[in-house]
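Below is one structure; the comments refer to it alone.
The values are calculated or read from the model by the stated rules, or taken from the named source; none is laboratory data. Just so it is clear, the model here is predicted, and its values are computed rather than measured. Here the Cβ positions follow ideal geometry from the backbone for every residue, glycine too, while neighbour counts run over all protein chains shown.
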Amino acid sequence: MNVLQSLRELWGHRNFRKFLAARIISNLGNGMAPTALAFGILELQGATAKSLSLVLAVQSFMLVVMLPFGGVWADRIGRARAVAGSDVVLGALLMVQASLFITGTATVVMLVPFAAIFGVLHAIWYPAFPTLTPTVVPEGQLQSANSVVSAGSNGAYISGAAVAGVLVAGFGAGWAMAFDALTFLVAGLLVWSLRTLTPRTRTGNSTLTDLKTGWGEFRANRWVFIIVVAFAFIIMGFQGANGVLGPVLMKQEFDGAKSWAFIATIESIGFLAGSLVAFRIRPRFPMRIAMLAMLAMPLFVFTMAIPAPLALIATAAFACGMGMDTFQVLWITALQKHVPSDALSRVNSYDAFGSMVFGPLGTALAGPVSLAFGLQSAFLVAAALIVAAVAWGLLHPSVWRLSDRM
């Protein structure tokens, strides 16, 4: 099937169009969020890299702690309801947070409880969102649909990231956050219209029993377990490098928010390229290609460690984005094909939980380590950790041999 024919068939599904529109709108605001939050915090009186680490670590910690419950709650609420409700509530709270920055009343202490609540809401959203694709397209179109959704969301992210630096520098972080809040509200209403496609699951079991059932399914798929363990360390290194060390480097050595927004934009273009690659390829052994693609990530971190010229860092960011999105599409499609539908939300929750479990530690340590040993050393430690984790996951037989032929 050629690309145009595949796209026409996907576009013919009305619910897929709603699903795609929601993701594009939401990610338009998400493209602004990292730059807005990072430089909004760094501009607060008395704030340092430790302040940014604290806020990001709190959000990551609450996300990780609540993720195992998120899949169970998503099934009980209804997966579309879980996604829509999380988006709407998050949008409303984000609008309040934006007003604090706009009025000049924001403090690091005030931002911590917001970060905690955002983490809980994301813990409900993450396990539910990937389960919606199989409800809006046939199984044979899953990888194409995942690629198109990824491409659309990445294109929107690029647009948001492209204007984030200018908006933050010219008008302040609060206005970028307000726009992000509005996109969450609109996206939530669109997904709410899909709620009848994912009815509530009433097992009659306790939450603990449902957690144990999900854990059993998660462990039964050895390749899932191995890759998730690898990503626990990959994300630990990358969250510290990308979330904390990168903005600090840009503020010290380059042009601050504008430079970081440029890097984020180029990385997002890489995400888009990765979506297009994943749309076209159909590898027999998808996880081999997926894990090999992740080796572009430590290359990006290493260019910041040098630090290389901004253009070279941007080139590495493009490769990193392409590798990450190629992995993501192949990974989600493999889960959707190989994991039973009734267990998918809970497996997703353990996937996200395990992958992000050391993320808070990475963000919490990045600032203090950079202050104690230097920014370059902190970057190099992060890059080495990522390389070791990718290699360990890639070389495991269950990952290497997983076939797309069912």
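With the structure loaded, tell me whether PHE16 is surrounded by fewer than 23 Cβ atoms within 10 Å (Cβ to Cβ), among the aromatic types (Phe, Trp, Tyr) and at negative phi or whether it fails that test.
yes
Please work out if ILE117 is closer than 25 Å to GLY359 by Cα and buried (at least 20 other Cβ atoms within 10 Å of the Cβ).
For ILE117, the condition - closer than 25 Å to GLY359 by Cα and buried (at least 20 other Cβ atoms within 10 Å of the Cβ) - is not met.
Give the residue that is surrounded by the fewest Cβ atoms within 10 Å (Cβ to Cβ), with candidates limited to residues of the range 235-262 that are farther than 19 Å from SER53 by Cβ and within 21 Å of the chain's Cα centre (by Cα).
The qualifying residue surrounded by the fewest Cβ atoms within 10 Å (Cβ to Cβ) is PHE262.
Of the residues that sit in the range 366-381 and are small (Gly, Ala, Ser) and out of contact with any Leu (no Cβ under 7 Å at 6 or more places or on another chain), which one is surrounded by the most Cβ atoms within 10 Å (Cβ to Cβ)?
Checked the range 366-381; the qualifying residue surrounded by the most Cβ atoms within 10 Å (Cβ to Cβ) is SER377.
If I go through the range 355-399 residue by residue, how many of them are farther than 14 Å from PHE233 by Cα, of a type outside the set (Gly, Ala, Ser) and in a loop (DSSP other than H, G, I, E, B)?
Within the range 355-399, residues that are farther than 14 Å from PHE233 by Cα, of a type outside the set (Gly, Ala, Ser) and in a loop (DSSP other than H, G, I, E, B) number 2.
Output the residues belonging to the range 156-172 that are under 21 Å from the mean Cα position of the chain (by Cα) and either modelled with pLDDT of 80 or more or surrounded by 24 or more Cβ atoms within 10 Å (Cβ to Cβ) (or both).
Residues satisfying the conditions are ALA156, TYR157, SER159, GLY160, ALA161, ALA164, GLY165.
Only one of ILE24, ILE41 is among the β-branched types (Val, Ile, Thr) and within 17 Å of the chain's Cα centre (by Cα); which?
Exactly one of ILE24, ILE41 is among the β-branched types (Val, Ile, Thr) and within 17 Å of the chain's Cα centre (by Cα), namely ILE24.
Tell me yes or no: at least one residue of the range 191-212 is surrounded by 21 or more Cβ atoms within 10 Å (Cβ to Cβ), farther than 20 Å from GLY362 by Cβ, modelled with pLDDT of 90 or more and out of contact with any strand residue (DSSP E or B) (no Cβ under 7 Å at 6 or more places or on another chain).
yes
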